[in-house]
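These notes are about the structure you will find just below.
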Amino acid sequence: MFQHTIQDVLGLCEADDSPKALLAAFRTLVAAFEPIDACELILRREGKIRRFEVEAGLNDIGGALLDALGAEPTLRIDTAADLAALGLKAGDALNSVLVLRLATDENATAAIVLAHRRPWSFAATPLSRVRTLANVLLRLLTRSEPRPGSRDSTGQAGDEATAEIAGLRTRIASLEDEIAGLRGRKKN
């Protein structure tokens, strides 16, 4: 599973820089192991909500789902009745909803929201894999935006995300080398 996550992160980082291409790459990567009928990344900063739609169908309930998530890292809704109990309707025939909190600066809140028509669809979802990909997606989509409190040596807002991506690529290369070394030892 870890190797798949590394390959997925590399695939996402190598996608074209346009938001449309990044969202499409994320959709393709996630759909390879988790079927989804609707999906979006929700970012709330300074009271404003930004929606990055991966797959249409959530009908503007992302903000309400972010509120329902509260301080929890994960919210899984397994049936349409559970969704209705929260006073929400996520679109035609959507039954399962998965909301995963993403890492942000202290002035923001973000989550990835996945939905599916089938009840109990996300019961066996690899949460860490989806969350890792979504965190990278968030960084890639917002990398040109200055983050509150981030400054470079001249006092100007810095591009933290670019440095973070470079660090992730270095770490991934190191892990791949380690995996190759372990495979070599196993053959001997």
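A few notes on this one:
- In region 108-130, the residues that are surrounded by 14 or more Cβ atoms within 10 Å (Cβ to Cβ), part of a loop (DSSP other than H, G, I, E, B) and among the charged types (D, E, K, R): Arg117
Table: residues versus (1) farther than 20 Å from Asp37 by Cβ; (2) of a type in the set (Gly, Ala, Ser); (3) surrounded by fewer than 17 Cβ atoms within 10 Å (Cβ to Cβ).
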{"position": "Pro73", "(1), (2), (3)": "yes, no, yes"}
{"position": "Ala81", "(1), (2), (3)": "no, yes, yes"}
{"position": "Ala93", "(1), (2), (3)": "no, yes, yes"}
{"position": "Leu102", "(1), (2), (3)": "yes, no, no"}
{"position": "Asp105", "(1), (2), (3)": "yes, no, yes"}
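Quick grid of which residues meet (1) assigned to a loop (DSSP other than H, G, I, E, B); (2) in contact (Cβ under 8 Å) with a residue 60 or more places away in the chain:
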| residue | (1), (2) |
| --- | --- |
| Pro35 | yes, yes |
| Ile42 | no, yes |
| Gly57 | yes, no |
| Glu72 | yes, no |
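- Tally of residues being over 19 Å from Ala31 (Cα atoms) and either free of Cβ contacts under 8 Å to residues at least 24 places away in the same chain or out of contact with any Leu (no Cβ under 9 Å at 6 or more places or on another chain) (or both) across region 94-123: 3
- Failed condition for Asp17, given (1) closer than 30 Å to Leu88 by Cα; (2) in a loop (DSSP other than H, G, I, E, B); (3) touching a residue at least 12 places away in the same chain (Cβ under 8 Å): (1)
Any read-out appearing in this document is the output of simple, stated calculations on the displayed coordinates, not a laboratory observation. None of these values were measured; they are calculated from a predicted model. We place every Cβ from the backbone using ideal geometry, glycine too, and count neighbours over all the protein chains shown.
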